[in-house]
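Student: Structure in structure tokens, see below.
A short reminder: the numbers here are calculations on the coordinates, not readings from a lab. Remember, it's a predicted structure, so these values are computed and weren't measured experimentally. Note that each Cβ is placed from the backbone with ideal geometry, even for glycine, and that neighbours are counted across all protein chains shown.
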Amino acid sequence: MLLDTYGRQAVDLRVSLTDRCNLRCTYCMPEEGLQWLAKPELLTDEEIVRLVSIAVRDLGVREVRFTGGEPMLRPGLVAIVEACAALTPRPELSVTTNGIGLARTAAALRQAGLDRVNVSLDTLDPDTFHILTRRHRHQDVLAGLAAAERAGLTPVKLNAVLMRGVNDHEAADLLGWCLERGYELRFIEQMPLDAQHGWDRSRMITAEEILDRLRERFTLTAEPSAARGAAPAERWLVDGGPGRVGVIASVTRPFCRACDRTRLTADGQIRNCLFATEETDLRAALRGGADDAAIGELWRTAMWGKKAGAGIDDPEFLQPDRPMSAIGG
Ligand code: SAM
Ligand code: SF4
């Protein structure tokens, strides 16, 4: 099992399939993009499946989420999902995506065994979408969402980040839109994980502000914290339910004490936290001929060293070198 010294067990694996992306969200990447990983540095499809199988078979991982960068840009995505769906015990499989390309791939992903998708969409307005992502692809995301629903990748979940003066006035509109369609919306507080280091605590829209804006239109009833489990989102029933909304308050109400995650980057590094400053190189072990037992031991050691918390709100907080897009959000 993947335990740490604070008694937590990691059962939820986030796998980054690529650091590349076809959007340039302002809170994530600079306009010109980043220095992408070279192909030989990336794990191959086979290497990814081998590591996931060690995690599932030997280390107690029950849930695998593919992310990036933009995971739809990985040519082998469907094959990777299919191979992971054939593992015993069968892990729950999901993808976090900006939704572009989902219109084309949703049915194949479902067929391959994908259980769910989380689609990131911050605005209902195509012009605001362009300001936030620097690309004119709003329509493609909407088409991707519809395709996910048709393919049965449900419940479709939406992630939204609010930026002051850009889309923060849309909180209630986004929720209304999701409720009408049966999508589960979660707002994520903006975190200091952008490549440009432009995060400013004083400008961030806090969970409290998000909830205040939603309460102007909806009645929110907090779900008991037991229902939350290790999920980072605190959830509220909207107008008595069954619709819900979640808020991931990573900065103002961190959930580190219940964290059950372990992360594998596209170049084969284990991170025991989004905000970790150290990584464990499984790619070198894999390519050096290590057997499954040795790789499992490296992974366990990496997780054992997990810190109590990310400490974003501490004065001495240091942003990790890798941005979110290269870690896997
Ligand atoms: N490209 C995919 C997408 O956008 O869904 C997957 C990777 S992206 C890094 C994963 C999630 O992280 C997205 O929901 C995105 O909005 C969120 N994200 C990116 N940068 C963030 C930041 N600085 N603070 C909070 N969330 C962020
Ligand atoms: Fe790409 Fe996702 Fe980052 Fe936006 S948040 S730039 S879609 S990786």
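Student: Tell me which of A103, L286, A83 sits at the most positive position along the dipole axis of region 12-327, charges placed on C-beta atoms (Lys, Arg +1; Asp, Glu -1).
Tutor: Positive-end residue among those listed: A83.
Student: For region 12-327, what's the relative contact order in percent, using C-alpha pairs closer than 8 Å and at least 6 residues apart? Could the numbers behind the result be given before it?
Tutor: Values: 593 pairs, mean separation 59.4, N = 316.
Relative contact order for region 12-327 comes out at 19 percent.
Student: Right, another one. Taking neighbour counts of Cβ atoms within 10 Å as a proxy for exposure, in what order, fewest first, do S202, S325, S225, S120 appear?
Tutor: Lowest count first: S202, S225, S120, S325.
Student: Please name whichever of A112, G176, G60 sits farthest to the positive end of the charge dipole of region 12-327, dipole taken about the Cα centre and charges placed at Cβ: Lys and Arg +1, Asp and Glu -1.
Tutor: In region 12-327, that residue is A112.
Student: Per residue of the chain, what 222 nm ellipticity follows from adding -39500 (n - 2.57) for every DSSP H run with n ≥ 4, rounded to the nearest 500?
Tutor: Taking each H run of at least 4 residues, the total per residue is -9000 deg cm²/dmol.
Student: From the residues S16, G241, G198, which one has its Cα farthest along the dipole of the chain in the positive direction, the dipole being from +1 and -1 charges on Cβ of Lys/Arg and Asp/Glu about the Cα centre?
Tutor: Result: G241.
Student: Between P254, P91, P224, which gets the highest mean-square fluctuation from a Gaussian network model of the chain, Cα cutoff 10 Å?
Tutor: Highest fluctuation of the listed residues: P224.
Student: No partner Cβ under 4.7 angstrom, meaning no disulfide-compatible partner by this rule: which Cys of the chain qualify?
Tutor: Among the cysteines of the chain, those whose Cβ sits 4.7 Å or more from every other are C21, C84, C178, C256, C259, C273.
Student: Once phi is turned into ³J(HN,Hα) by the Karplus curve 6.51 cos²θ - 1.76 cosθ + 1.60 with θ = phi - 60°, what whole-Hz value does each residue of region 233-248 show in order, with x for glycine and proline?
Tutor: Karplus values, whole Hz, x for Gly and Pro: 7, 7, 10, 10, 6, 9, 6, x, x, x, x, 9, 9, x, 9, 9.
Student: Next up: About the Cα centre of region 12-327, what is the dipole size in debye to 20, counting +1 per Lys and Arg Cβ and -1 per Asp and Glu Cβ, all else neutral?
Tutor: Magnitude of the dipole: close to 540 debye.
Student: Please report F255, F275 as a ranked list, fewest other C-beta atoms within 10 angstrom at the top and most at the bottom.
Tutor: The most exposed by this proxy come first: F255, F275.
Student: Ok, one more. Determine ³J(HN,Hα), in whole Hz, for all residues of region 33-38 in sequence, where each value follows from phi through the Karplus function 6.51 cos²θ - 1.76 cosθ + 1.60 and θ = phi - 60°; x replaces Gly and Pro.
Tutor: Result, ordered by residue: x, 10, 6, 6, 5, 6 Hz.
Student: Once you charge only the Cβ atoms, +1 for Lys and Arg and -1 for Asp and Glu, what is the size of the charge dipole of region 243-314 about its Cα centre, to the nearest 20 debye?
Tutor: Using only the charged Cβ atoms, the result is roughly 360 debye.
Student: Mind listing which GluC sites (Glu not before Pro) in region 1-97 are in a DSSP loop and have 12 or fewer other Cβ atoms within 10 Å? Numbers along the way, then the final one.
Tutor: On the way: sites: E31, E32, E41, E46, E47, E63, E82, E92; in loops: E31, E32.
Sites meeting the loop and neighbour criteria: E31, E32.
Student: For region 177-278, run through the GluC sites (Glu not before Pro) and keep only the ones in DSSP coil with at most 15 other Cβ atoms within 10 Å of their Cβ.
Tutor: E216, E278
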